[in-house]
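The values are calculated or read from the model by the stated rules, or taken from the named source; none is laboratory data. Predicted, not measured: the structure shown is a model, and the values here were computed from it. Positions of Cβ are generated from backbone atoms using ideal geometry, with glycine treated the same way; all protein chains shown enter the neighbour counts. The area values use the complete protein model at the heavy-atom level, side chains included, leaving out ligands, DNA and RNA. Shrake-Rupley method; radii C 1.70, N 1.55, O 1.52, S 1.80 Å.
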Amino acid sequence: MLQARLATRFVEQGSMADVPQGPRQHLESALRLAERQRHEVLWEVDCVRRALARVDTPVVLLKGAAYLAADLPPARGRLFADVDIMVDRRQLVAVENALFASGWISQERNAYNDRYYRRWMHELPPMRHVHRGTTIDLHHTITPPTSHFNVDGARLLEHLQPIAGHPRLAVLAPADMVLHSAAHLFQEGEFDHGLRDLLDMNDLLRHFSQRPDFWTELLDRADELRLQVPLSHALTHLERLFSTTAPDHLTARVRALDRSRIKRRMMTTLLSIALRPEHPSCDGPFSGLARWLLYIRSHWLRMPLHLLTYHLGRKLLMRLTSESNPPAA
């Protein structure tokens, strides 16, 4: 996942020729794949723009597609699995219909799972194009409405940044972009792309920090959107891994993001383990336990207990029913 990113760094430093031939071949292959995906994603983004041209909503690119279209540092050498967009929640039906008319179809066939997405999640079921096989994740906000860190998508739409060269497309404001990345990583409970996401945030912080008031804006916005805890986790591990820190005069505000010292220390320990690459050479005796505990935490953050109990019970029943009634040969 990070080979192309590493290769890009060697190219930028002019040291690719110093890499031994064996690993250099893999790095150059990763660069070619990243370049091909760059063209494919930009084409897909333009297809989305044209499909939604008549729908009265902002079309906001998120995560990788946003970095690429806005020419931000995390786009260098980044690989993509899908295109994430966010629209006005009031226009979800119109947007979904317009995408359907242009060839994107929902991949969810189970009625309960489909209802789960539409009622409790911050996005609709993934939509896959019938010809190109590309996938769109259609969001109306950046966190589940039932989660502990519920963010009103309308507040994000108030601060959008237009993308030069891409009419009618926008990205989140710089502070919101960082907060989205932090909330996504530290609430989802899956860390297979953890290092990539931390690198994304590190690049964003270093880039946006060139603006004199960015750090103050970031901390203020975390307070407004109640995303202090995810931002606290992000800044802890960005400092640990990359020595990236807020300006000295804001140190007290950074420490105050998460006031629970015991919980903060426990999470720092668990995340330090879980954010290691998932490879036997990096695993310790408690790696599995740490990832499991964080996975359980992610479900607890995502839904209140009564909804979580119902949802997990329903999923268990669906699994047992499926196992007791296997499909006919």
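For segment 66-86, check the following and say yes or no: at least one residue is touching a residue at least 40 places away in the same chain (Cβ under 8 Å), in contact with an Asp or Glu (Cβ under 6 Å, 6 or more places away or on another chain) and over 28 Å from residue 315 (Cβ atoms).
Taking every residue of segment 66-86 in turn, at least one turns out to be touching a residue at least 40 places away in the same chain (Cβ under 8 Å), in contact with an Asp or Glu (Cβ under 6 Å, 6 or more places away or on another chain) and over 28 Å from residue 315 (Cβ atoms).
Does residue 244 satisfy being within 26 Å of the chain's Cα centre (by Cα), within 25 Å of residue 73 (Cβ to Cβ) and of a type in the set (Val, Ile, Thr)?
Working: within 26 Å of the chain's Cα centre (by Cα): yes; within 25 Å of residue 73 (Cβ to Cβ): yes; of a type in the set (Val, Ile, Thr): yes.
Considered against the rule, which asks whether it is within 26 Å of the chain's Cα centre (by Cα), within 25 Å of residue 73 (Cβ to Cβ) and of a type in the set (Val, Ile, Thr), residue 244 comes out as yes.
Any chance you could count how many residues in segment 115-124 are more than 20 Å from residue 181 (Cα to Cα) and either surrounded by 15 or more Cβ atoms within 10 Å (Cβ to Cβ) or within 20 Å of the chain's Cα centre (by Cα) (or both)?
4
Read through the list (1) of a type in the set (A, V, I, L, M, F, W, C); (2) surrounded by fewer than 11 Cβ atoms within 10 Å (Cβ to Cβ); (3) at pLDDT below 85, then give the number of the only condition that residue 252 fails.
(3)
Could you please find all residues in segment 129-179 being surrounded by 17 or more Cβ atoms within 10 Å (Cβ to Cβ) and either of a type in the set (Gly, Ala, Ser) or assigned to a helix (DSSP H, G or I) (or both)?
The answer is 147, 153, 156, 157, 170, 173, 174, 175, 176, 177, 178, 179.
Among the residues of segment 284-319, which ones are under 14 Å from residue 269 (Cα atoms) and without any contact (Cβ under 8 Å) to a residue 40 or more places away in the chain?
Answer for segment 284-319, where residues must be under 14 Å from residue 269 (Cα atoms) and without any contact (Cβ under 8 Å) to a residue 40 or more places away in the chain: 284, 285, 286, 287, 288, 289, 290, 292, 293.
Looking at the structure I just gave you, is residue 204 touching a Phe, Trp or Tyr at 6+ places or on another chain (Cβ under 9 Å), closer than 23 Å to residue 75 by Cα and modelled with pLDDT of 95 or more?
yes
Would you tally the residues in segment 120-146 being polar (S, T, N, Q) and under 16 Å from residue 222 (Cα atoms)?
2
Residues that are crowded, with 21+ Cβ neighbours inside 10 Å and at negative phi: does segment 8-26 have at least one?
no
Could you list, in sequence order, the residues of segment 1-30 that are in a helix (DSSP H, G or I) and β-branched (Val, Ile, Thr)?
8, 11
Got a number for residues in segment 35-67 being open to solvent by 10 Å² or more (accessible area, probe 1.4 Å) and part of a helix (DSSP H, G or I)?
Of the residues in segment 35-67, 15 are open to solvent by 10 Å² or more (accessible area, probe 1.4 Å) and part of a helix (DSSP H, G or I).
Looking only at segment 269-290, which residues are assigned to a helix (DSSP H, G or I), closer than 18 Å to residue 234 by Cβ and open to solvent by 40 Å² or more (accessible area, probe 1.4 Å)?
Residue satisfying the conditions is 269 alone.
Limited to segment 35-75, what total is found for residues that are in contact with a Pro (Cβ under 9 Å, 6 or more places away or on another chain) and hydroxyl-bearing (Ser, Thr, Tyr)?
1
Can you work out which of the residues in segment 302-329 that are of a type in the set (Gly, Ala, Ser) and modelled with pLDDT under 70 is most open to solvent (accessible area, probe 1.4 Å)?
Ranking the candidates gives 329 first.
Can you tell me which condition residue 84 does not meet? The list is (1) open to solvent by 20 Å² or more (accessible area, probe 1.4 Å); (2) within 18 Å of the chain's Cα centre (by Cα), and all the others hold.
The one condition residue 84 does not meet is (1).
Do the conditions hold for residue 108, that is, is it in contact (Cβ under 8 Å) with a residue 40 or more places away in the chain, acidic (Asp, Glu), more than 27 Å from residue 206 (Cα to Cα) and open to solvent by 30 Å² or more (accessible area, probe 1.4 Å)?
In short, no.
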